[in-house]
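Written out below as structure tokens is the structure these notes cover.
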């Protein structure tokens, strides 16, 4: 009896063409993280349910994959990388030392409603600086967001900044801070539901004049006629919050750093950004692709004042962000984005060594060796099929060149090099000559 | 109430120093796989239990992490990458096309007995060619095993080859093939339990003269005085198997390819290698590190004639191998191995930009930018702590250079560069000059 080969709903196989783009994107991001001195960590996919859920009771509980293992432990698959990181830091901060800059790219699992186009297994990519609370570290995360995208060839994006502390100061100044959680959640919906509906939501929470004040705050600088720069918007927000405070000073520092480093062009101050999560206490980030802002933020994060409160008395402040990898990968294949992005690796190999005689595999391997030593990827065809079939294989795999060599060529230490796009063939050249020709094409 | 931060028995956190070596090793291996035209795939961590276990009943069943999900599906975490790959090929071989060369590096989970020093979560790294059954593809896997290790800086290793088909021909010639499974399992224990105990095991299965014959076969060429080359050993095995057959011809082809490609030095023919699994039908590989053979094979595999029989009527022959990543990583940190291996990335950064004044972060970022553009990794220290504390941070992270610049230096567009090993400091140089000096050190 055969078994029906199938996968679970909400899960995906990655075929080579997709997986190669994903892996190249990961490596590219990782290279950027490393260039900032950020270090990789890893944590188990499976943890004690209690450790992952804490006191629980939230939306997460319903989505988590949990079970009792054969040792009668209640365990669960991680549903994000933040909770395991908090647990990790509580256990290891003394060994690792602070400040600690880390990144983590790994799979997480949530039993989400797949009808929304959501997956139950997906990658997260987080980077954080833990153990510092100052403008310079807030700024470094901002730099890393920008360089991560630029190094992927994405230059047309905008990072929207806001500050939760400043917004809270404003709410406090208006005497409506007891409703702050609900107000934050309503404001967070602005881009999704629009200004009118946000107003409706707010007017259920506060009086009409307070609603107007909130709208004035979150739209500061957004009116087309205003054309304010970041410092001017900040001045307005500061005024609305009852004057200068530590939060406005922090934001001003970050703006100055952006000016000094000539990195301000991709950043705007956008007080409507709040990030719904209660978790954030300071700066918050969201990042939009200018050609396709509608897909939502592809990199979000912010500052939190106590990462591991659930596990340790040690106060661990930090700042970080998370790249939405699935969204980013989807965006990168959109026509509006594709022209600017040029990841390597979309073809499997640079050269196919064709099989003219199966007994020559040892010689073919020797030729392949010489190309691989120069960083050129070489595939070998192992069966003496008709040439047209071998060419089809090369075409399917988008291989640019074929090497054709039979026993005659091997006797004279030569080969024939065929450009598979133009079908031009250069006959009886040495490996060295072929190497030079192929290198010139900038594979 | 705080929660005790802890992880499950048999699971591990990877701290940055370990994770960076693992990731660099993975990237290095991946680069080699790609250089052979092998493509990455990925499959879900969680699958239908029935798909992973088939009819079940084996040792694996007891070790598998299985549960019923919230949609009442019986699911399990994958316990290897072979079964999901078989399922994957049954579903996708028509889309992908054959032959297909793939690699897959990912985590698997087994509830193993942790007392044996085994982990319940670990990485596997498999590479295979599916859709071919010939000597050239057997040979390419052998090349890939060897290049994977050599590109990691490991040159002192030996790949042991054998052929299950030839061994079966021998057993058949001796009229003892009905005991082949038990005989294979006994022979497979040879390196672990030694010759005498293997003989004891065998004599429980067959007559004393047959036991002697088996011993003669599996030790062919191993007597110190014999000093036979591969072809001579093969001749002996062929003779013991009743003369030439397709299996001996296949092995002879592979030996010829190894000679022609000058790759024979790291390979021996070792008929005692059988790989206990019933799965293999042709060539089998095991790979030992010559300085520390005792840790066992670090890369094993072989040819199978029907990968996805459980899921499809399509016959999918293939050949592949699997690198024992945990074992390899452990081996690479052994003193006998360490001197030959030089992976990059053991330090987090090349340069630390020290913080002389927190308001200068924008300028520091501008300097960092110029170094990063040249591929140099730059960490920023964000707080104006005493220099000795900043040096300590650099030392802990094994950072080689510090850049020290206050507002005076920034006014004149200069910086001070300190070598953190010699503590030599070069004062008031430009960024360009510092770049030249640092590049000279071949970071």
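The values are calculated or read from the model by the stated rules, or taken from the named source; none is laboratory data. Being a predicted model, the structure only gives us computed values, none of them experimental. Reconstructed Cβ throughout: ideal geometry from the backbone, glycine too, with neighbour counts over all protein chains shown.
Scanning segment B:305-327 for residues that are within 26 Å of residue B:11 (Cα to Cα), in contact (Cβ under 8 Å) with a residue 60 or more places away in the chain and surrounded by fewer than 18 Cβ atoms within 10 Å (Cβ to Cβ) turns up just one, B:326. Residues in segment B:353-378 that are crowded, with 19+ Cβ neighbours inside 10 Å, at pLDDT below 95 and not in a helix (DSSP H, G or I) were compared, and the one that is farthest from the chain's Cα centre (by Cα) is B:378. Take the conditions (1) assigned to a helix (DSSP H, G or I); (2) surrounded by 16 or more Cβ atoms within 10 Å (Cβ to Cβ); (3) more than 10 Å from every other protein chain (Cβ to nearest Cβ); residue A:79 misses just one of them, which is (1).
Among the residues making up segment A:87-97, a single one is more than 7 Å from chain B (Cβ to nearest Cβ) and either buried (at least 24 other Cβ atoms within 10 Å of the Cβ) or not in a helix (DSSP H, G or I) (or both): A:89.
Among the residues of segment B:110-121, which ones are facing another protein chain (nearest Cβ under 7 Å) and outside any loop (DSSP other than H, G, I, E, B)?
Let us first name the residues in segment B:110-121 that are facing another protein chain (nearest Cβ under 7 Å), namely B:111, B:121.
Once the filter is applied, which keeps residues that are facing another protein chain (nearest Cβ under 7 Å) and outside any loop (DSSP other than H, G, I, E, B), segment B:110-121 yields only B:121.
In segment A:245-282, of all residues being within 14 Å of chain B (Cβ to nearest Cβ) and under 19 Å from the mean Cα position of the chain (by Cα), the one that is surrounded by the most Cβ atoms within 10 Å (Cβ to Cβ) corresponds to A:267. Of all residues in segment A:139-173, those being within 18 Å of the chain's Cα centre (by Cα), over 21 Å from residue A:34 (Cβ atoms) and assigned to a helix (DSSP H, G or I) number 0.
Of the residues examined, residue B:13 is not one that is surrounded by fewer than 18 Cβ atoms within 10 Å (Cβ to Cβ) and either more than 30 Å from residue A:313 (Cβ to Cβ) or in contact (Cβ under 8 Å) with a residue 24 or more places away in the chain (or both). Of the residues making up segment B:127-143, none is over 20 Å from residue B:270 (Cα atoms), touching a strand residue (DSSP E or B) at 6+ places or on another chain (Cβ under 8 Å) and free of Cβ contacts under 8 Å to residues at least 40 places away in the same chain. Restricting A:202, A:195 to residues that are over 19 Å from residue A:247 (Cβ atoms), in contact with a helix residue (DSSP H, G or I) (Cβ under 8 Å, 6 or more places away or on another chain) and loosely packed, with under 15 Cβ neighbours inside 10 Å narrows the list to A:195.
What is the residue count in segment B:102-120 for residues that are surrounded by fewer than 16 Cβ atoms within 10 Å (Cβ to Cβ) and free of Cβ contacts under 8 Å to residues at least 60 places away in the same chain? Looking only at that region, the number is 4. Checking the stated criteria, residue B:197 turns out not to satisfy the condition of being without any contact (Cβ under 8 Å) to a residue 40 or more places away in the chain and within 18 Å of residue B:288 (Cβ to Cβ).
Against the criterion of being closer than 26 Å to residue A:145 by Cα, in contact (Cβ under 8 Å) with a residue 40 or more places away in the chain and within 27 Å of the chain's Cα centre (by Cα), residue A:20 qualifies.
The helices (runs of 4 or more DSSP H) found wholly in segment A:1-72 and carrying at least 2 residues that are farther than 30 Å from residue A:396 by Cβ and at the interface with chain B (Cβ under 8 Å from one of its Cβ atoms) occupy A:16-35, A:49-53. Taking segment A:266-298 as the range and being outside any loop (DSSP other than H, G, I, E, B) and more than 11 Å from residue A:162 (Cα to Cα) as the test, the residues that pass are A:266, A:287, A:288, A:289, A:293, A:294, A:295. Taking first residues from segment A:328-354 that are within 14 Å of chain B (Cβ to nearest Cβ) and partners that are surrounded by 13 or more Cβ atoms within 10 Å (Cβ to Cβ) and modelled with pLDDT under 65, the Cβ contacts under 6 Å between residues at least 6 apart in sequence or on separate chains come to A:350/A:443.
When residues in segment A:419-433 are screened for being out of contact with any helix residue (DSSP H, G or I) (no Cβ under 8 Å at 6 or more places or on another chain) and either assigned to a helix (DSSP H, G or I) or closer than 22 Å to residue A:359 by Cβ (or both), 2 of them pass.
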